[in-house]
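Here the structure comes first, spelled out in structure tokens, and everything after it is commentary.
The values are calculated or read from the model by the stated rules, or taken from the named source; none is laboratory data. Every value quoted in this text rests on a predicted model; they were computed, and no experiment measured them. So basically every Cβ, Gly included, is an ideal-geometry build from the backbone, and we count neighbours across all protein chains shown. Remember, those area values only see protein heavy atoms, side chains included, never the ligands or the DNA or RNA. Shrake-Rupley method; radii C 1.70, N 1.55, O 1.52, S 1.80 Å.
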Amino acid sequence: MRSWMRETRVIIGNMQFESPDFTIECDVNFGDDDDANDAEIKIYNLSRSTLNRIKKHEPVIINAGYEGDAGNIFLGAVLNSKTDKDGVDRITTIVATDASEAWNEMEISESFKAGTRASQVLDKILGMTGLEIGALDLPNDVEYQRTRTFKGKLRDVIKRIARDTGAKVFILNGKIFLRDPDEGGTVQFRLDSERGLVGTPERFEEEDYEGYRVTALLNHRMTTDSKIRIESETANGVYRIKKGKHVINDSDFYTIAECVE
């Protein structure tokens, strides 16, 4: 694919930056662990007035893809930014996180009577946060036998309830997901040598999971818990994306993912 077929658009607050008008580089990480996803964005040669408008907590959206098939790969907020000189260029690096201020900073102190189920606790707590629910499908909707008080940072409280219920928890594009660790979304598309697959998937084994590392032409549909059908010399079948990253720079325009059965 030639670079002119690529589309990258970064929106920060009410400002919009598009390639090729701006030189833009992005690394967008995603995964089903309990840490928020993050993005590192580099934009070249911004004016001083523009730099002064990039502030912490400003909303960030990244849309990317090939001509006619671009979509959202990140939704979050500015965490920090800095600008450095590199020869004649001035490079602004923006770090953004895919989590609301509530997820990172909100303090919870709520008590629930004996007999309350975990789903009821989550309904009340999440209803206070403004976080949109992407999925709430607990493997074990435990009933707390004694009065329980949940106190602490919102993210720590939610992680505690997730452990109680055997669920994984992650934030994706401003939504919170709690579901069975082995479950994901529906099958979205097929990936093969004619439909974006780059090279041959490689088998890997981690301590608690195994699968295939896959590289594809950048595809906004490839994200946490997406299910894809892979047809290749090594991997064949339906796989769930556990973690990965989108990479955008002058030479690379790829999505790299770890896929598990």
Relative contact order as a percentage, segment 1-99, C-alpha pairs under 8 Å and 6+ apart, gives 30 percent
CD proxy, 222 nm, the chain: helix-only mean residue ellipticity via -39,500 (n - 2.57) per DSSP H run with n ≥ 4, per residue, nearest 500, stands at -3000 deg cm²/dmol
Taking 218-227, 181-190 and ranking on average Cβ neighbours within 10 Å, highest first, one gets 218-227, 181-190
Within segment 139-261, the percent of DSSP beta bridges that are antiparallel, given to the nearest 5, stands at 90 percent
One finds the C-alpha centres of segment 94-159 and segment 167-202 to be spaced, in Å, by 24 Å
Expressed in angstrom and ordered largest first, the alpha-carbon extents of segment 128-261 along the principal axes are 57, 29, 25
Counting only protein heavy atoms and rolling a 1.4 Å probe, one gets per residue an accessible area for the chain in Å² of 51 Å²
Whole-percent carbon and sulfur contribution to the accessible surface of segment 136-261 (1.4 Å, no ligands, DNA or RNA) stands at 38 percent
Calculating P(r) over Cα pairs in 10 Å bins from 0, in percent from this structure picks out, from (i) 7, 31, 38, 20, 4, 0; (ii) 7, 27, 30, 23, 11, 2, 0; (iii) 7, 31, 35, 20, 7, 1, entry (ii)
Once the dipole of the chain is set up from charges on Cβ (+1 Lys and Arg, -1 Asp and Glu), the residue from the list Ala235, Pro59, Ala257 lying farthest towards its positive end is Pro59
Projected onto their principal axes, the Cα atoms of segment 209-261 stretch, largest extent first, over whole-Å spans of 32, 23, 18
For segment 1-96, the accessible surface attributable to carbon and sulfur atoms (probe 1.4 angstrom, ligands and nucleic acids excluded) amounts in percent to 44 percent
Helix 118-127: inclination vs the chain longest Cα principal axis, degrees, rounded to 10, gives 50 degrees
Result: in segment 68-205 the number of Lys pairs with C-alpha under 30 Å apart, spaced 8 or more or on different chains, is 20
The chain, Gaussian network, Cα under 10 Å: of Glu25, Glu67, Glu132, the residue fluctuating most is Glu67
Measuring from the longest principal axis of the C-alpha atoms of the chain, the long axis of helix 154-165 (C-alpha) lies at a number of degrees, nearest 10, equal to 60 degrees
Charge dipole of segment 21-103 built from unit charges on the beta carbon (Lys, Arg +1; Asp, Glu -1), centred at mean Cα; most positive-end Cα among Thr93, Cys26, Ser49 is Ser49
